[in-house]
Amino acid sequence: MDLLIVEDDRDFRETAAQWMTRKGHHVEQAENAQEALNHCARKHFDVAIVDMNLPGLSGLELLQQIRDENIDTEVIILTGEATVENAVQAMKLGACDYLTKPFPLAEVEQRCRMAWERGRLQKENRQLRALLERNRPATRIVGESAGMKELFRLIERVGPTDKAILIQGESGTGKELVARAIQQCSHRADRPFVTVNCAALPEQLVESELFGHEKGSFTGATATKPGLFEVADGGTLFVDEIGELPGALQPKLLRVLEDGSLRRVGSHRERRVNVRIIAATNRDMEEEIAVGRFREDLYYRINVMSLVLPPLRERRDDIPLLIEHFLEAGWQIEPDARQALLTYDWPGNVRQLINAIERATIMADDKLITLDDLPHEVVRAGSSGTHAPLASPVQEDICKLEDIESAHILQVLKQEKGNKARAARALGIHRRKLYRLIERYNIQWNGD
């Protein structure tokens, strides 16, 4: 435990501190209320042992101020003159226990442990309430392709560790589901799993959402609010789209990863949390580092282990399984409609497939999905190919596959005026893969 002993009797204070330290606790001392408040301003304590008769502010006045400032420390009041009125007043002000001197130090430690447990249970209740508001039920990951089998193997290996994980993949590939699967394979499986999407929050609110804020710390902060790191304490925090994290907040996140300490917005009090970070991104993080949008030291902290999710077009064997998984019982699909679903490239990945199936079930009659019930882009791709036909610039005597691929990439680059991001999207591949192909085939385009 982190303990604070507030007592003006120096002999008793130091004796109690030595006893608690020998028992393995972290102890700090204060001889008056102001010194105690100074300690509380810079550090969180699990339990404070407070003498009622202090010089200056009394122990009860100190207790009142601790509660007024929303300091979530359990307080045990000590007194040499026990009265019913004092005991009742202490409990009304929020003390968790009341002891009359003299008493064995072993009893004080036992009371501190009970107070600590009480605080822990209250914290768990707050976490559970927050989870009920934030969490959605997890969905089973579906897939039997070679890429997915390798992914399942890696999840089983990294899950039991406490290391930070970076999940990379295109939008819609199921990065949050993989993060939940990692949580379920860990010793934190019964602890909170909290999610935050950096791209979904206004930049000015990301800090408050992650680290919390104190009442009055900014306009609209009408009440003290714990951040998601505190909500996830003991469990896992899934930070989606971490590449969107504002640069000003990256050092603060790095510090939490390094030593588990944070400060709420508007507070100087340091708090400690025990949270496993799982981050996800659809960006090329090495490119983000190269252009100065993401800190290299933070990248290495979140990327102790990296999992890359294959896009749906690279695991077509899983599409029939996914269709059956997301289609409700009793529904049928006509062969030409099924073929269109199987041949489409799904640039939006599994999320787009789910949306297409949901749309089809709304449009279909008699629980039978036809070609007319599918989205237009799926139907068009099934009838004419995923990409519009291009006039081949290669000579008729070229027959090697790599020559055809190289020529096709060059033509798409010309069409997109050298913009590699748009060219990669037109080709249906990741930008990193396009760079590798350009290097492999020594493709050069000078803008002509």
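Within segment 418-430, residues that are in a loop (DSSP other than H, G, I, E, B) have Cβ atoms under 6 Å from residues that are open to solvent by 20 Å² or more (accessible area, probe 1.4 Å) in these pairs: Gly418/Trp445; Gly428/Asp345, counting only partners at least 6 apart in sequence or on another chain.
Among the listed residues Glu288, Glu241, identify the single one that is on the phi > 0 side of the Ramachandran plot and either among the β-branched types (Val, Ile, Thr) or within 21 Å of the chain's Cα centre (by Cα) (or both).
Numbers: Glu288 fails: on the phi > 0 side of the Ramachandran plot.
After ruling out the rest, the residue left standing is Glu241.
For segment 1-21, residues that are open to solvent by 10 Å² or more (accessible area, probe 1.4 Å) and outside any helix (DSSP H, G or I) total 4. Candidates are the residues of segment 218-233 that are in a loop (DSSP other than H, G, I, E, B) and touching a Pro at 6+ places or on another chain (Cβ under 9 Å); the one that is most open to solvent (accessible area, probe 1.4 Å) is Asp233.
Scan Ile49, Ile71, Ile76 and give me the residue that is closer than 30 Å to His213 by Cβ, of a type in the set (Val, Ile, Thr) and touching a Lys or Arg at 6+ places or on another chain (Cβ under 7 Å).
Working: Ile49 fails: touching a Lys or Arg at 6+ places or on another chain (Cβ under 7 Å); Ile71 fails: touching a Lys or Arg at 6+ places or on another chain (Cβ under 7 Å).
Selected residue: Ile76, the only one of Ile49, Ile71, Ile76 that is closer than 30 Å to His213 by Cβ, of a type in the set (Val, Ile, Thr) and touching a Lys or Arg at 6+ places or on another chain (Cβ under 7 Å).
Applying the criterion of being open to solvent by less than 20 Å² (accessible area, probe 1.4 Å) and assigned to a helix (DSSP H, G or I) to the residues of segment 244-283, the residue that is nearest to Ala421 (Cα to Cα) is Gln250. Listed by position, the helices (runs of 4 or more DSSP H) inside segment 78-187 whose residues that are surrounded by 15 or more Cβ atoms within 10 Å (Cβ to Cβ) and modelled with pLDDT of 90 or more number at least 1 are 105-134, 146-158, 175-184. Within segment 65-77, the only residue that satisfies the criterion of being at pLDDT 85 or above and out of contact with any strand residue (DSSP E or B) (no Cβ under 9 Å at 6 or more places or on another chain) is Gln65. Applying the criterion of being open to solvent by 20 Å² or more (accessible area, probe 1.4 Å) and part of a loop (DSSP other than H, G, I, E, B) to the residues of segment 188-213, the residue that is modelled with the lowest pLDDT is Asp190.
Residues are listed down the side, and each one gets a yes or a no for (1) of a type in the set (A, V, I, L, M); (2) open to solvent by 20 Å² or more (accessible area, probe 1.4 Å); (3) closer than 19 Å to Glu241 by Cβ:
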site	(1), (2), (3)
Met285	yes, no, yes
Glu288	no, no, yes
Arg293	no, yes, yes
Glu314	no, yes, no
Pro320	no, yes, no
Ala329	yes, yes, no
Ile362	yes, yes, no
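Scanning segment 327-347 turns up one or more residues that are in a helix (DSSP H, G or I), at pLDDT 85 or above and under 34 Å from the mean Cα position of the chain (by Cα).
Can Leu60 be described as farther than 25 Å from Arg269 by Cα and either open to solvent by less than 20 Å² (accessible area, probe 1.4 Å) or part of a helix (DSSP H, G or I) (or both)? Give the steps one after another, and end with the answer.
Details: farther than 25 Å from Arg269 by Cα: no; either open to solvent by less than 20 Å² (accessible area, probe 1.4 Å) or part of a helix (DSSP H, G or I) (or both): yes.
So Leu60 does not fit the description; no.
The values are calculated or read from the model by the stated rules, or taken from the named source; none is laboratory data. It should be emphasised that the depicted structure is a prediction, and the values quoted were computed from it without experimental measurement. Virtual Cβ from ideal backbone geometry, glycine too; neighbours counted across all protein chains shown. Note: areas computed on protein heavy atoms with side chains; ligands, DNA, RNA excluded. Shrake-Rupley method; radii C 1.70, N 1.55, O 1.52, S 1.80 Å.
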